[in-house]
1. Of the residues 34, 65, which is surrounded by 18 or more Cβ atoms within 10 Å (Cβ to Cβ), within 24 Å of residue 143 (Cα to Cα) and at pLDDT below 95?
2. Scanning the range 66-89 for residues that are touching a residue at least 60 places away in the same chain (Cβ under 8 Å) and outside any loop (DSSP other than H, G, I, E, B), which turns out nearest to residue 24 (Cα to Cα)?
3. Starting from the range 118-147, keep only residues that are on the phi > 0 side of the Ramachandran plot and touching a residue at least 24 places away in the same chain (Cβ under 8 Å), then list their pairs with residues that are part of a strand (DSSP E or B) and crowded, with 18+ Cβ neighbours inside 10 Å whose Cβ atoms are within a distance under 8 Å, requiring at least 6 positions of separation or different chains.
4. Select from the range 45-54 the residues that are surrounded by fewer than 20 Cβ atoms within 10 Å (Cβ to Cβ) and either closer than 14 Å to residue 100 by Cα or touching a residue at least 40 places away in the same chain (Cβ under 8 Å) (or both) and list them in ascending order.
5. Select from the range 1-22 the residues that are assigned to a loop (DSSP other than H, G, I, E, B) and within 25 Å of residue 191 (Cα to Cα) and write down the one among them that is modelled with the lowest pLDDT.
6. Of 77, 25, which residue is surrounded by 18 or more Cβ atoms within 10 Å (Cβ to Cβ) and modelled with pLDDT of 95 or more?
7. Tell me the residue from 40, 60, 55 that is in a loop (DSSP other than H, G, I, E, B) and modelled with pLDDT under 95, please.
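The values are calculated or read from the model by the stated rules, or taken from the named source; none is laboratory data. Fair warning: this is a prediction, and the values are worked out from it, not measured in the lab. Note that each Cβ is placed from the backbone with ideal geometry, even for glycine, and that neighbours are counted across all protein chains shown.
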């Protein structure tokens with residue numbers, strides 16, 4: 001039997017949704033998550049750190065929350081940057097349903113929710129910024145493909161923001177981003193989590 005993960009397209013585990021309120025960037029949000037989706041009981045530390053550290057790029061254009069789950073990163077950033085259109089994408093259909101529900105209950109209008117396996121269905125888009133809390137359990141091959149595909153769809157001077165734990169490969173992820181982008185910095189470190197920012201130049 002193959003173990004089911006939160007990056008499964010159609011989770012089969014029984015639904016047991018949980019709803020909570022949370023403060024992000026000084027705003028109050030209501031989120032619902034579920035079994036079969038990453039972080040079902042609250043906004044995880046890594047996503048919160050990425051939300052807090054993100055800075056809007058000078059480049060004009062859309063922001064992509066890649067592997068959005070139930071949507072906390074993209075929804076918080078869309079609320080904070082109402083002049084930007086934010087796209088939430090995931091392969092997990094349960095996650096996409098929750099992301100749509102969460103954007104609606106929080107009355108965030110500058111969002112689209114898109115079904116895409118990585119960036120495979122968005123290679124005709126361009127973005128000013130991509131943010132991701134990548135599915136580390138899916139393995140380095142998939143994550144590094146996400147990095148390379150992100151470079152392809154980012155505008156000139158566009159930025160890829162990644163949160164990843166040191167014990168889950170932050171140093172090697174930084175090295176790979178350096179190889180792909182040539183310009184990568186550690187924006188923050190906290191409790192074993194790294195925020196990495198790669199700029200397309």
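1. Details: 65 fails: at pLDDT below 95.
None of the other options fit; the residue is 34.
2. Residues of the range 66-89 that are touching a residue at least 60 places away in the same chain (Cβ under 8 Å), as a first pass: 66-67, 69, 73.
Retained after the next criterion (residues that are outside any loop (DSSP other than H, G, I, E, B)): 66, 73.
Working: 66: 19, 73: 9 Å.
This residue is 73.
3. 118/66
4. 45, 53 - these are the residues of the range 45-54 that are surrounded by fewer than 20 Cβ atoms within 10 Å (Cβ to Cβ) and either closer than 14 Å to residue 100 by Cα or touching a residue at least 40 places away in the same chain (Cβ under 8 Å) (or both).
5. Here is the first cut: in the range 1-22, the residues assigned to a loop (DSSP other than H, G, I, E, B) are 1-17.
Applying the additional criterion that residues be within 25 Å of residue 191 (Cα to Cα) yields 5-7.
Values: 5: 51, 6: 47, 7: 51.
Among them, the one singled out is 6.
6. Values: 25 fails: surrounded by 18 or more Cβ atoms within 10 Å (Cβ to Cβ).
The unique qualifying residue is 77.
7. On the way: 60 fails: modelled with pLDDT under 95; 55 fails: modelled with pLDDT under 95.
The match here is 40.
Table: residues versus (1) buried (at least 16 other Cβ atoms within 10 Å of the Cβ); (2) part of a strand (DSSP E or B).
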residue: 113; (1), (2): yes, yes
residue: 122; (1), (2): yes, no
residue: 131; (1), (2): yes, yes
residue: 141; (1), (2): no, no
residue: 150; (1), (2): yes, no
residue: 158; (1), (2): yes, yes
residue: 163; (1), (2): yes, yes
residue: 186; (1), (2): no, yes
